[in-house]
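Report on one structure; see the data block that follows.
Nothing in this text is a laboratory measurement; each read-out follows from the coordinates by a stated rule. Since the structure is predicted, the reported quantities are computational estimates derived from the model, not experimental observations. Cβ placement follows ideal geometry from the backbone for every residue including glycine, while neighbour counts extend to all protein chains displayed.
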Amino acid sequence: MKNEKIIPAIRTNNITYAVRDIVILADKVAKTGKEMLFLNIGDPNLFDFAPPRHMVEATYHAMLKNYNGYSPSSGIKVARESIAKEAERKKISNIQDIFVTTGASEAIDICLTALVNSGENVLTPSPGYPLYTAIASKLQNIENPYYLDESNGWQPDIEDIKRKINEKTRAIILINPNNPTGTNWSESTLKQIIDLALKHNLVIFSDEIYDKLLFEGQKHISIASLNKDVPVITFGGLSKNYIVPGFRIGWGMVSGNENLLSDYIEAINKLLRARLSANHPEQYAIPAALDGDQTHLIQANKKLTKRRDITVEMLNAIPGISCVKPEGAFYAFPQLHMNQPDNHFVADLINETGVVVVPGTGFGQKPSTQHFRVVFLPPENILEKAYNKIRDFTEKYFEKYEVVHENK
């Protein structure tokens, strides 16, 4: 009888998820009794945010009506109709399909799986959300990151995108507003990406999960609204805008030239049917959310604007740290002007202070640059306490390791 270790699939070797991986270290530090200040997870429900009550009630009533079995694979009719109306509000036309999924994450996974073969590549923003690189690793795709330009408010570097497109490139991913930088991409940028997609026959994946969390009168532009022919899959969901990440309800909307998309849409639906359905009763929260009272967004954005301002002001006041002002979502991606690895800085920060942030290496960044991501969801007093700890720690860290940093 053989007694050998079970060898995992090679496709899992390079899968990492920095946002959760850093919790392993944080848990060890917490066991020592140190006070922990968590600025690493984008979950509004951990703090002073709650979903609109009518959404929760819609789900509750659906459960009482025993809508607890399987739903149609693409989602219930009333939810898909509500998403279609939301698309109209976003000025998206020529929609070919709409489907409801277990969070936007599942929609992204399914759409990439239905499109990209082993050895092909997808352009992914760097910095960007690590889900995309994890899925690419699982699918044995070739990494093909394009850089966001920190000197231009973290807008995509169009010239870098042009350099990265090759004969094996199938799609380009947008995260707008961006995680981890909080950038709201400009119309000019989006139009240039459309031109490249049309020229090279690329599918645009537009992750717009934070499209209603914007500051100071910022307006979100959905890239699919700018051209009715370009193939776009627009991803959305309830998690962030409607403060129910635990519902795991998201969706995808396919728009563009029907003749180009028909076979691809059928491939997506094969995968949707194979996994049966998304959560059924929670789908009834979609029309309640999208078509219902939106006043919670006014309050959420008001709180987030104040917390964003505290974040930018306090981090930019620390020698050796600079922070571009986020325009949406609830993340900032400050740069560490130093010649030490950011994951070393973050590990020491957690061990010494209990302040939990995520190293920039987990999101991608230009070579020779160092960053970390902060989540500014916590109340102001928690943020101020955390940033004061970061300030004191940074001064000692730079002195201890004789860190060379530029004057800002």
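Write down Rg/Rh for the range 1-79, rounded to two decimals, with Rg from the C-alpha atoms and Rh from the Kirkwood relation over Cα pairs.
Answer for the range 1-79: 1.16.
Taking a label point 7 Å from the Cα of K34 along the Cα→Cβ vector, which residues of the range 331-354 have an amide N closer than 12 Å to it?
346-354
Given Cα positions, please report Rg to Rh for the range 356-395, the hydrodynamic radius being the Kirkwood one. Present the calculation step by step, with values, prior to reporting the outcome.
Values: Rg = 11.9 Å, Rh = 11.5 Å.
Rounded to two decimals, Rg/Rh equals 1.04.
Read phi for every residue in the range 163-168 and hand back ³J(HN,Hα) as whole Hz from Karplus 6.51 cos²θ - 1.76 cosθ + 1.60, θ = phi - 60°, with x for Gly and Pro.
My calculation for the range 163-168 gives 5, 8, 6, 9, 5, 9 Hz in order.
Ranked by Cβ crowding within 10 angstrom, fewest neighbours first, how are C111, C323 ordered?
Fewest-to-most ranking of C111, C323: C323, C111.
Just to verify a number: FRET efficiency for N257 and D291, C-beta to C-beta distance, R0 = 30 Å, to 0.05?
The value I calculate is 0.55.
When the chain is fully extended, how far beyond the present Cα-Cα distance does N166 get from I382, taking 0.36 nm per residue of separation? Spell out each step's value before the answer.
Working: separation 216, 0.36 × 216 = 77.76 nm, distance 4.65 nm.
Full extension from N166 to I382 adds 73.1 nm.
Would you mind checking which residues have amide H under 5 Å from E327's amide H? H placed 1.01 Å from N; only 5 or more apart, or other chain.
T183, N184
On the principal axes of its Cα set, how long, how wide and how thick is the chain? Give whole Å, largest value first.
Ordered largest first, the chain gives principal extents of 66, 61, 51 Å.
Using 0.36 nm per residue, how much length does the chain from K191 to R273 gain when fully extended, once their Cα-Cα distance is taken away? The partial results should precede the final answer.
Working: separation 82, 0.36 × 82 = 29.52 nm, distance 3.42 nm.
Separation in residues times 0.36 nm, less the Cα-Cα distance, equals 26.1 nm.
Please compute the length gained on full extension between Q299 and R89, using 0.36 nm multiplied by the number of residues separating them and subtracting their Cα-Cα distance.
So the chain would gain 73.5 nm between Q299 and R89.
So how far apart, in nm, are the two label points at Q140 and T12 if each is 7 Å from Cα heading toward Cβ?
Between Q140 and T12, the label points sit 1.7 nm apart.
Neighbouring Cβ atoms within 10 Å as the yardstick, rank R373, R307, R391, R89 fewest first. Walk me through the intermediate numbers first.
On the way: R373 27, R307 22, R391 15, R89 10.
Fewest-to-most ranking of R373, R307, R391, R89: R89, R391, R307, R373.
List the residues, sorted by chain then number, that are 5 or more residues from V355 or on another chain and whose placed amide H is less than 5 Å from its amide H.
Under 5 Å from the amide H of V355 lie the amide H atoms of L37, each far enough along the sequence or on another chain.
Please give the peptides 37-43, 24-30 ranked by average Cβ packing (other Cβ atoms within 10 Å per residue), highest first, as a rough proxy for protection.
Details: 37-43: 20.0, 24-30: 13.7.
Highest mean packing first, the order is 37-43, 24-30.
If r is the Cβ-Cβ distance from N339 to L25 and R0 is 25 Å, what FRET efficiency results, to the nearest 0.05? All intermediate terms of the calculation are to be shown ahead of the outcome.
On the way: r = 23 Å, r/R0 = 0.91.
It comes to 0.65.
From the gyration tensor of the Cα coordinates in the range 92-216, what semi-axes in whole Å does the equivalent ellipsoid have, largest first, with each one equal to sqrt(5λ)?
21, 18, 15
So what's the angle, to the nearest 10 degrees on a 0 to 90 scale, between helix 77-89 and the longest Cα principal axis of the chain?
Once rounded, the angle reads 70 degrees.
So what is log10(I(q)/I(0)) for the range 282-356 at q = 0.21, 0.25 1/Å, when the Debye sum runs over its Cα atoms only?
With no solvent term, the Cα-only Debye profile gives -0.99, -1.20.
Give the distance, in whole Å, between the Cα centre of the range 35-63 and the Cα centre of the range 296-365.
22 Å
What's the angle, to the nearest 10 degrees (0 to 90), between helix 187-200's Cα axis and the longest principal axis of the chain?
60 degrees
How big is D, in µm² s⁻¹, for the range 53-291 by Stokes-Einstein at 4 °C and 1.567 mPa s if Rh is the Kirkwood radius over C-alpha pairs? If you can, show how the numbers build up before the last one.
Values: Rh = 18.1 Å.
Estimated via Stokes-Einstein, D reaches 72 µm²/s.
For the chain, what does the helix formula give at 222 nm: sum of -39500 (n - 2.57) over DSSP H segments with n ≥ 4, over the residue count, nearest 500 deg cm²/dmol? It would help to have the intermediate numbers written out before the result.
Numbers: 12 runs with 157 residues, N = 408.
The helix-only estimate for the chain comes to -12000 deg cm²/dmol at 222 nm.
Kindly list the residues of the range 307-333 that lie in the label zone of E395, defined by a backbone N under 20 Å from the point 7 Å along the Cα-to-C-beta vector.
Those under the cut-off are 311-323.
In nm, to one decimal, how far is the modelled label at D43 from the one at E81, with both set 7 Å along Cα→Cβ?
Spacing of the two 7 Å Cα→Cβ label points: 3.5 nm.
Which of the three applies to the range 318-401, rounded, prolate or oblate, going by the alpha-carbon gyration tensor with a ≥ b ≥ c and a/c under 1.5 meaning rounded? Let's see the in-between values first.
On the way: a/c = 1.66, a/b = 1.10, b/c = 1.51.
Verdict is oblate for the range 318-401.
Search the structure for amide H atoms under 5 Å from the amide H of Q96, placed 1.01 Å from N in the peptide plane, and list their residues when 5 or more places away or on another chain.
Counting only residues 5 or more places away or on other chains, the set is V254, S255, G256.
Helix 18-30: angle to the longest alpha-carbon principal axis of the chain, degrees 0 to 90, nearest 10?
Value to nearest ten degrees: 50.
What share of all Cα pairs of the range 30-166, in percent, falls into each consecutive 5 Å distance bin?
Pair shares across the bins are 2, 7, 10, 12, 14, 17, 15, 11, 7, 4, 1, 0.
Checking the a/c ratio against 1.5 first, then a/b against b/c, what shape does the Cα gyration tensor give for the range 217-259? Please list the in-between numbers first.
On the way: a/c = 6.32, a/b = 1.60, b/c = 3.94.
Oblate is the answer for the range 217-259, as a/c is 1.5 or above yet b/c matches or exceeds a/b.
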